[in-house]
Amino acid sequence: MHKTRKFFKQRKTVLTLLCFLSLFLLTGCWDRTEVNDLAIITAAGIDQSSDDTLELTVAVFAPKSASSSQQSSMGGEVGPNSGQQEVVRSAEGVTIADAMSKLQQKFPRRLFWGHANAIILGEELAKKDIRSQIDFILRYPEVRENAHIFISKQPAKEVLALNPPLERDISKVLLELSKLKIGMDVTAKDLSEMLLKDSGAAAIPYIEILPPEGGSSDNQTIADITGSAVFKNDKMIGKINTKVSRGILWLRNEVKLAVVSIKPPKTEGYISLQLLRVHSQLIPKIENGRWKMTLKAVTQDDISQNETTLDTTDPKNIKMLEHLLSREITKRIRAAVDQSQKMNADILNFAGAFHRRYPAIWERNVSQWDEIFPQVDVKIIVDANIKRPGTTTIPSKMNREVGR
Amino acid sequence: MVRFIKKPPKKKKRTHIEEKIDTNLGPDALSSSLEDNLEKLKSIYSNCADVIFRPFLIGHSSKAALIYIQGLSDYEEIDDSVLSPLMEQTFTVPANVKAIIEEKLTISGIKEVHTIKEAVEQISSGNPVVLVDQNSIGIAVGLAKWEKRSIEEPTAESVVRGPREGFIETLMINTSMLRRKIKSPNLKMKSLNIGKETKTQVMIAYIEGIVDRTLIEEITNRLKRIDIDGVLESGYIEEFIEDHPYSPFPQVLTTERPDVAAANLLEGRAAILIDGTPFALIVPVTLYSLLQSPEDYYERFLIGTMLRWLRYVFLLIALTLPSFYVAILTFHQEMVPTTLLLTVAKSREEVPFPALVEALIMEITFEVLREAGLRLPKQVGSAVSIVGALVIGDAAVNSGLVSAPMVMVVAITGIASFSIPRYNAAIAFRMLRFPMIFLAGTLGLLGIMLGLIAIIVHLSTIRSFGVPYLSPMAPMDASAMKDSLLRMPLWAFRRRPHLTGKYNKNRQAPHQKPSPTKGTE
């Protein structure tokens, strides 16, 4: 009796073990994908091809030509960027998902969106409506929410076909450019947030194909950020240039690399100042039914070039320069504010600030915001501080005149 | 698995070793007739050409015999101190052998033997026995001496700073090395003989007053339970005294270094020294003690701490790096930086195998190379390293069978596993790497997490002689972190680590942190 029980107990153990082992084989790898089976999309573009169809273009990394070009360069053959590392193909469809399924037929490998870091929307499409495109980007699980969004002047298809001389591919170029924060830097998530905000306005970096350098072939160039596309209610309503969009960056605390040149009175030449950090605030106020907004920016700068004879070690001069600098920055911010009020697109998100500060009044006036916004009184206060005169204290021009 | 399918063997009635020997030899006391005694011994040692029976006359009058085994005794000393004083002079043989011992034999290690069994034990262990006619007591002279290896630096546990001596195959020398380090009479050595045929001497060394007495009792009991025919290496003992025989993790620490053994004795552990092997077993152990090197304590404490952390990190790498690589490459391609993925994709383009197979091929090849390099005679060893460099190297990549990043991963994993100072612990983790790769290849990161959880659950279940394997981490003992996560300065180790049961808490006097004022006092 005891023996048989033991026997069954052992059998049970063996069976349980076998069940567990077979789990591996049964589940085994059903969703396994080798890297070799993936068409890694590095950038995607969406264009309007006709009234109700759109064209999806993807740039897919081509590991085969990349590895062969690597080998040939190892063999001593140095060609100028030999071999395109990208395969660019497009397909049409009524929606992106539809276009994608058609595009998939043109690829022997599974399209993989996990590394699509740049998504370019053609201007024509952007002028129509982008919400449905954003919907795909946010809904489809493989697409990254931190993919960067760009609006291009030329069809996105042409941008993707570029073969940048310096970087690996166009997505890398655009990514690096937006990282420098010389223009707006907007990810899919940011964009959807902007469009959902009280203001319903958004600014997305606007790119244009840079004319190729002399001597190089047509597509040996990049696309660079030439401004921002301004969106309102999911439609592109216009564009602002780099200078103005930088004014927006100042207010969004996003400026990273900025050089401001000012021309002090009574001397010749410019003094260039490099931005170190900036902190800005929106202070809304409603007084007697007048909507007012105070923009406050505190910035710290270094002198990076001095063409004048001004002695930058003199506190008096510094004071004067700080004053000039804040005037200059005010001018830039003012330009952005004016532009956005003129377009009636609240890209600075004044709406949010008012909403937070005066929730009750906001609720009442939310429907009239389009009328209110252009009328908002904007006051700009810039507090510029010059931290250091740079690594030399005497201006170069003084050497000749004062130096013995 | 086999155990589950096979019927478990019937429990045999356990016969005590001592009894077995008795039935073999008979409980006979030595008789007073030399003839009888010799006859019995000769029948015991029948067909033993190396046992020498040397008859002679004591004092030119009384018959006697010297019995010894070739090569186990000091011949010169036998001639000078036993045979010549007894044979060269004429004297009347006293009725009692004691008188012979007192008057004639100029030897310190003398023992009387009363039974045949005792005589056989002495002869077998190398001490020649003198039997005198008309005397029922034999004399065993302690002249055992055989060729032994000189004391060398242990190759498996080398240190930059620290003593260079290692245990050797002779138990006596090993105990003397321990005794030289710990001169206190509290250092106790309990002797046992294990092995029906080999009768190997095993010593339990511990320090009275530091060790928990029940621990010694437990060790003694477990050792006494062993009933096998031979003990040729400490591994034979290890497998019989472990708490969890199916666990992949070692539950005793093996060391060749007397300083390691002494340090562990001072922390309240016990060492089991076994004749015939330079490896001493130390119990109880924890996972952390297996990850320590003696040098942690010999170098400055900051360096010791850093090295420990390096080992902990590389332990994880050794266990999981290939599986992480496989998981990310087959399931989670979106998790790596774009440039890295593109580089990997480029190098994997020509590889015909899936990442899982690629990893297994490379890992198995690496293990085989390691094993082959270990087993081969030294002269051929260099051939293996050349082939190895080709296999795990450029040629492997150029042939297109594996990708370069995989070679890198396998190489790092290999190096990482070598950074674990204890071979038996390192090999456990190396072995677990393979199931981890399988889990990663089938279930991705989820599989890796499952595997890690299973390993941690197992580790926290097992004990070594009553001490939880993960202590002092689980159960948590904050004060013991001083010597597990960190290596605090030696003057901060005021208390001994708590192992089990009662123990002597205080290790040293408090407030010994050096400072200038103290120096001038």
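The values are calculated or read from the model by the stated rules, or taken from the named source; none is laboratory data. In this text the structure is predicted, and so the values were computed from the model without any measurement. Note that we place each Cβ from the backbone using ideal geometry, even for glycine, and neighbour counts take in every protein chain shown.
Here are some residues: B:372, B:345. Which one is free of Cβ contacts under 8 Å to residues at least 60 places away in the same chain, surrounded by 17 or more Cβ atoms within 10 Å (Cβ to Cβ) and more than 20 Å from residue B:416 (Cβ to Cβ)?
After ruling out the rest, the residue left standing is B:345.
Determine whether residue B:320 is surrounded by fewer than 19 Cβ atoms within 10 Å (Cβ to Cβ) and polar (S, T, N, Q).
Answer is no for this residue.
Restricting the search to the stretch B:348-360, which residues are surrounded by fewer than 22 Cβ atoms within 10 Å (Cβ to Cβ) and either in contact (Cβ under 8 Å) with a residue 12 or more places away in the chain or at the interface with chain A (Cβ under 9 Å from one of its Cβ atoms) (or both)?
Within the stretch B:348-360, B:349, B:350, B:351, B:352, B:353, B:354, B:360 meet the criteria.
Under the condition of being in contact with a helix residue (DSSP H, G or I) (Cβ under 9 Å, 6 or more places away or on another chain) and polar (S, T, N, Q), which residue from the stretch B:348-398 is nearest to residue B:429 (Cα to Cα)?
B:365
Looking at the structure I just gave you, is residue A:310 at pLDDT below 85, closer than 28 Å to residue A:230 by Cβ and of a type outside the set (Asp, Glu)?
no
Scanning the stretch B:396-443 for residues that are of a type in the set (Gly, Ala, Ser) and over 25 Å from the mean Cα position of the chain (by Cα), which turns out nearest to the other protein chains (Cβ to nearest Cβ)?
Taking the candidates together, the pick is B:441.
Could you identify the single residue in A:33, A:16 that is at pLDDT below 90, facing another protein chain (nearest Cβ under 9 Å) and out of contact with any Asp or Glu (no Cβ under 7 Å at 6 or more places or on another chain)? Walk me through it before giving the result.
Details: A:16 fails: facing another protein chain (nearest Cβ under 9 Å).
Only one candidate qualifies: A:33.
Can you list the helices (runs of 4 or more DSSP H) found entirely within the stretch A:152-239 that contain at least 3 residues being surrounded by fewer than 18 Cβ atoms within 10 Å (Cβ to Cβ)?
Because the criterion is at least 3 residues that are surrounded by fewer than 18 Cβ atoms within 10 Å (Cβ to Cβ), the helices (runs of 4 or more DSSP H) in the stretch A:152-239 that meet it are A:188-196.
Considering each residue of the stretch A:229-247, count those that are touching a strand residue (DSSP E or B) at 6+ places or on another chain (Cβ under 6 Å) and under 23 Å from residue A:383 (Cβ atoms), and give that number.
The qualifying residues number 1.
Can you say whether residue B:286 is more than 14 Å from every other protein chain (Cβ to nearest Cβ), in contact with a helix residue (DSSP H, G or I) (Cβ under 6 Å, 6 or more places away or on another chain) and either of a type in the set (D, E, K, R) or buried (at least 21 other Cβ atoms within 10 Å of the Cβ) (or both), as far as the supplied structure shows?
Against the criterion (more than 14 Å from every other protein chain (Cβ to nearest Cβ), in contact with a helix residue (DSSP H, G or I) (Cβ under 6 Å, 6 or more places away or on another chain) and either of a type in the set (D, E, K, R) or buried (at least 21 other Cβ atoms within 10 Å of the Cβ) (or both)), residue B:286 does not qualify.
Please find, among B:198, B:254, the residue that is under 30 Å from residue B:433 (Cβ atoms) and among the hydroxyl-bearing types (Ser, Thr, Tyr).
B:254
Looking at A:212, A:284, can you tell me which residue is free of Cβ contacts under 8 Å to residues at least 12 places away in the same chain and either out of contact with any Pro (no Cβ under 7 Å at 6 or more places or on another chain) or among the β-branched types (Val, Ile, Thr) (or both)? Don't jump to the end; show me each part of the working.
Numbers: A:284 fails: free of Cβ contacts under 8 Å to residues at least 12 places away in the same chain.
Exactly one of A:212, A:284 is free of Cβ contacts under 8 Å to residues at least 12 places away in the same chain and either out of contact with any Pro (no Cβ under 7 Å at 6 or more places or on another chain) or among the β-branched types (Val, Ile, Thr) (or both), namely A:212.
Regarding residue B:330, is this residue of a type in the set (S, T, N, Q), within 11 Å of chain A (Cβ to nearest Cβ) and surrounded by fewer than 20 Cβ atoms within 10 Å (Cβ to Cβ)?
no
Can you find even one residue in the stretch B:177-189 that is under 15 Å from the mean Cα position of the chain (by Cα) and either over 27 Å from residue B:429 (Cβ atoms) or assigned to a helix (DSSP H, G or I) (or both)?
Let us first name the residues in the stretch B:177-189 that are under 15 Å from the mean Cα position of the chain (by Cα), namely B:178.
Still in the running and either over 27 Å from residue B:429 (Cβ atoms) or assigned to a helix (DSSP H, G or I) (or both): B:178.
Yes, there is a match, as at least one residue in the stretch B:177-189 is under 15 Å from the mean Cα position of the chain (by Cα) and either over 27 Å from residue B:429 (Cβ atoms) or assigned to a helix (DSSP H, G or I) (or both).
Exactly one condition in (1) polar (S, T, N, Q); (2) at pLDDT below 65; (3) surrounded by 13 or more Cβ atoms within 10 Å (Cβ to Cβ) is not met by residue A:71; state its number.
For residue A:71, the exception is condition (3).
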